[in-house]
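The values are calculated or read from the model by the stated rules, or taken from the named source; none is laboratory data. These numbers were taken from a predicted model, which means no experiment stands behind them. Note: ideal-geometry Cβ built from the backbone for every residue, glycine included; neighbour counts use all protein chains shown.
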Amino acid sequence: MTEKFHYDNKIVRNFALATIIWGIVGMTIGLLIAMQLFKPAMNMGSQYTTFGRIRPLHTNAVIFAFVGNAIFMGVYYSLQRLLKARMYSDILSKIHFWGWQLIIIATVITLPLGLTSSHEYAEMEWPIDIAITIIWVVFGYNMFGTIIKRREKHMYVAIWFYIATFVTVAVLHIVNSIQLPVSAFKSYYVYAGVQDALVQWWYGHNAVAFFLTTPYLGMMYYFLPKMANRPVYSYKLSILHFWSLIFIYIWAGPHHLLYTSLPSWAQSLGVAFSVMLIAPSWGGMINGLLTLRGAWDKVREDPKLKFMVVGLTAYGMATFEGPLLAFKQINAIAHYTDWIVAHVHVGALGWNGFLTFAILYWLIPRIYNTTLYSVKLASFHFWIGTLGIIFYAVPLYFSGFTQGLMWKEFTPEGLLKYPNFLETVLQIIPMYVMRAIGGALYLTGVIVMTYNLIKTMKAGKLVANEAAEAQPLPPVYVAQGDDKKLHRMLERKPMIFMVLSLIVILIGGMIEMMPTFTIKSNIPTIASVKPYTPLELQGRDVYIREGCVNCHSQMIRPFRSETERYGEYSKAGEFVYDHPFLWGSKRTGPDLQREGGKYGNAWHYNHLYDPQTMSPGSIMPPYEWLAEQQLDTTTTRVKINAMRTLGVPYEKGYEHQANSDLDKQAKAIAADLQQNNIKVKSDKEIIAIIAYLQRLGTDIKAK
Amino acid sequence: MNMIFMLIGFSILLALLFLLAFFWASKSGQHDDLFTPGVRVLFEEEEPQETGNEEKSDEDHSTR
């Protein structure tokens, strides 16, 4: 009665190769931007390789290309074996693989070109967003198809983690990607200001939860017992912490917006759920580490298990730190500093990176029917990788504390001790150097692994179709008596149930979203807040293109240290025309919310053209190209129209007049620059970005 | 501030979805046996046969 079938190993191999290649690419870009933070000239004088544009490339490459491919590798390998079935469709597997790689390539091309929607970890423009949705559904279809034709009735806990990943990421991605396109590669988010920020961090934090955590926990529950040859410490605990984790995680997002102009009850909601999260998170870590109970002798010899142990420990550290950082008092110091950067890298390098490496070392020899080429090299990789993490994280924690405390320090006379922001930057440059060294060590380890795995592959031969056999599932359940009632029937049809639920979600979402599309919700609460002029709007888009938001926030928190340094704290009503919001999440430079009118146009021109002349020692790269490139004013009309659709109250027919207004304002700025002996034509991009910077925060400024 | 209500809506719907999945899992017997599945994953015959693997390039191969 046993059925014979074959596991598809080729797709696993392909995803493994993609993981390795994109891992090296993503980490190399990371190293490059790390070096730019102490040596801006590392941008090689090109706008396409400057921090603001390639920092999103680094984060997206590591999250979606490296970790993404690793997830698919782990899922395609373990799912088939856990369900005793080949993947549902080889064609879907191939479409999934190549579609995902094409999306990554499109991202690698568009982000350096400055085509960005500026939502952190979702910077890709709308055509790529749509492609992601389609390929994600292909992945889901393939996965659920396999689940349906499974030969194993019980779905191992790993599969539950995979299912939660699929469903949640789909919803997150769609909600966060609702944009109004203005051209093939430019769009505006339909949400504005506070609302946009909330959507972004609801997405952002849940991307950590359901892209970087749940699939990896699933993989941990499959691969760790295999590697240790021990059953998981407590299967009961794994089920328990799975359900509690996915229930609680979805609410934690607002902790990214503590002390911002988000209403405080929403902030408290985020804090409460973030603190609760520690229990299920540690449930996972403890369950993993205790699985090695009685197998620690194996850990001593086996680099794979060492990777697993450090990976789990890093997960434990990051998820302990997470709730701590969600406390308002700690967040007040840590937010906007390198502390957060260190925190996420403990998770990324330790948890995601090390688990991926362990799985690669385990899986490649198996599907190539051979043994690992060199255990010594793998051991070397482990040690240099661990060293890399330490060299990366420790200096950044140090730099985070330094920044956080220096920003807040007052003299006994009640003045800011370090009124010049640059002073606080110069202090931490040695830490940035150390961080880059840590990154280089980590990358070296990955290259050594690549060599080791290539040698392994060459020594063996890919078992593209691995023979397997299993008993078929018993005949399907036949409803009887009370079970024939509709809801009973539905309960036994998970697929239909899921589709129906998704439809309910979408309908509910649309009904709730409709009011936000209307102008009513965008009525400013502050009467003096006016829409941007056409030149400022264009300048804002240049600001977005250059990724200025990666280093400069536009959100002054209600602390004395910040109002003293920057000016009046930010109000929710100031952002009602900001599609998208630009609050930033890290301050490498000062906050710009009240920048308007602080300095003259000439100061901004010189500062953008060569920051060192205005701020000696600055680590901001020069933006010379802004003074050379002509501003594209052909888009003004569609942009004004799009903004009006989104509820920005431009007068009817204003789009026809917009460009002449733009011209007038630009000429005035150029004339002002002329008076300061700066010769620049009024049609350059730098004029527009100066106009935007001079506008910032002036709406509610006391005259 | 409409957005938070929308997001809470989405979150509740997702949570409900997970709740239904949980009920389904319990009903379909997924949680009946919380011991065997943890052990069963270890019993897959997938030890690669040591064939065509004589060419050793490094003395410290793992022995799995």
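Numerical summary
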{"quantity": "Unmet requirement for A:H154, which otherwise passes all of (1) touching a residue at least 40 places away in the same chain (Cβ under 8 Å); (2) in a loop (DSSP other than H, G, I, E, B); (3) within 12 Å of chain B (Cβ to nearest Cβ)", "calculated": "(1)"}
{"quantity": "Candidate set: the stretch B:34-45, residues that are more than 7 Å from every other protein chain (Cβ to nearest Cβ) and farther than 11 Å from A:K226 by Cα; chosen: the one surrounded by the fewest Cβ atoms within 10 Å (Cβ to Cβ)", "calculated": "B:E45"}
{"quantity": "Test for A:N69: is it under 17 Å from the mean Cα position of the chain (by Cα) and closer than 23 Å to A:L582 by Cα", "calculated": "no"}
{"quantity": "Some residue of the stretch A:385-408 being crowded, with 20+ Cβ neighbours inside 10 Å and within 14 Å of chain B (Cβ to nearest Cβ)", "calculated": "no"}
{"quantity": "Residue in the stretch A:218-241 that is buried (at least 21 other Cβ atoms within 10 Å of the Cβ), within 10 Å of chain B (Cβ to nearest Cβ), of a type in the set (A, V, I, L, M, F, W, C) and in contact with a Pro (Cβ under 6 Å, 6 or more places away or on another chain) present", "calculated": "yes"}
{"quantity": "Residue count, the stretch A:613-648 (criterion: surrounded by 15 or more Cβ atoms within 10 Å (Cβ to Cβ), assigned to a helix (DSSP H, G or I) and not hydroxyl-bearing (S, T, Y))", "calculated": "11"}
{"quantity": "Flag for B:P48 being at the interface with another protein chain (Cβ under 8 Å from one of its Cβ atoms), modelled with pLDDT under 85, touching a helix residue (DSSP H, G or I) at 6+ places or on another chain (Cβ under 7 Å) and surrounded by 14 or more Cβ atoms within 10 Å (Cβ to Cβ)", "calculated": "yes"}
{"quantity": "Complete set of residues in the stretch A:360-384 that are under 23 Å from A:W22 (Cβ atoms), assigned to a helix (DSSP H, G or I) and facing another protein chain (nearest Cβ under 10 Å)", "calculated": "A:Y361, A:W362, A:P365, A:R366, A:I367, A:L377, A:A378"}
{"quantity": "Filter result for B:F22 (buried (at least 17 other Cβ atoms within 10 Å of the Cβ), more than 20 Å from the chain's Cα centre (by Cα), modelled with pLDDT of 75 or more and not polar (S, T, N, Q))", "calculated": "no"}
{"quantity": "Members of the stretch A:75-105 that are within 14 Å of chain B (Cβ to nearest Cβ) and assigned to a helix (DSSP H, G or I)", "calculated": "A:Y77, A:S78, A:L79, A:Q80, A:R81, A:L82, A:L83"}
{"quantity": "Which listed residue, of A:I174, A:I147, is surrounded by fewer than 22 Cβ atoms within 10 Å (Cβ to Cβ) and within 19 Å of the chain's Cα centre (by Cα)", "calculated": "A:I174"}
{"quantity": "Enumerated helices (runs of 4 or more DSSP H) restricted to the stretch A:262-340, each holding at least 2 residues that are at pLDDT below 90 and either of a type in the set (D, E) or farther than 22 Å from A:I390 by Cα (or both)", "calculated": "A:264-276"}
{"quantity": "Filter pass, A:M42 being part of a helix (DSSP H, G or I), modelled with pLDDT under 95 and over 15 Å from A:L111 (Cα atoms)", "calculated": "yes"}
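Listed here are the residues, each with its yes/no results for (1) without any contact (Cβ under 8 Å) to a residue 60 or more places away in the chain; (2) more than 15 Å from A:Y121 (Cβ to Cβ); (3) buried (at least 22 other Cβ atoms within 10 Å of the Cβ).
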site	(1), (2), (3)
A:F38	no, yes, no
A:T50	no, yes, yes
A:H58	yes, no, no
A:V62	no, no, yes
A:N69	yes, yes, yes
A:M73	no, yes, yes
A:Y77	no, yes, yes
